[in-house]
Structures are given as C-alpha cells and as structure tokens.
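One structure below.
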Amino acid sequence: MNKKLSAKVVLEQLICILEMNLSELAAVKYKDDYTIGSWEACIECLEIIGCWTRAKDYGLTYNPELKFKLYNSEAARCFCPPTKTPRRLK
C-alpha cells in the first residue's frame, strides 16, 4: 500500500484489525503459546491506543482484556496440549 493516509484513518483501521484478530484468537479451541502471545500483543496495542486523548471518539470505551477474553471460565484456563503436561496460565 503506497497511499498515504491520515492518522485518523490509520488508527481506525488499526483498531478494526486488532479487534478482528482478538475475536479470532478468542475463538481458537486450543490456546498454545503462539495464540496467547498474539492475544497479549493485540491487547497491549489496544491499551496503548486507549491512552490517546481521542480514543473514546474511535470506540475505545472498553477494557480490551474484558471484551476479548481469551478464556470463558476459570476452568478453561488450564492449557492441555496433547503432547505436553498441563500447565497453569497466569
């Protein structure tokens, strides 16, 4: 993409892409290290954008960790891949 965009358009697109990625990551059945790391990176990006004075104008009026939960319940927080022993996630 060679077209130059305004900061407003870039942030709108970035927020949309991050939200879409987080929705997809939350729907993944088995959470491996890659999934968890990707989720954490997207959450961190939204949290940083949320510090912007105009974030609310672009729909960031929520806590990303609560809106895009990686786990639906405490019981689901135990990751048990087929070839590894279970480990507890923080």
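When LYS69, LYS3 are checked against the criterion of being free of Cβ contacts under 8 Å to residues at least 12 places away in the same chain, charged (D, E, K, R) and assigned to a loop (DSSP other than H, G, I, E, B), a single residue qualifies: LYS3.
For the range 19-60, filtered to residues that are in a helix (DSSP H, G or I) and touching a residue at least 40 places away in the same chain (Cβ under 8 Å), the residue that is surrounded by the fewest Cβ atoms within 10 Å (Cβ to Cβ) is SER23.
FYI, it's all coordinate maths here, none of it is from the lab. Here the structure is a predicted model, which is why all the values come from computation and not from measurement. Positions of Cβ are generated from backbone atoms using ideal geometry, with glycine treated the same way; all protein chains shown enter the neighbour counts.
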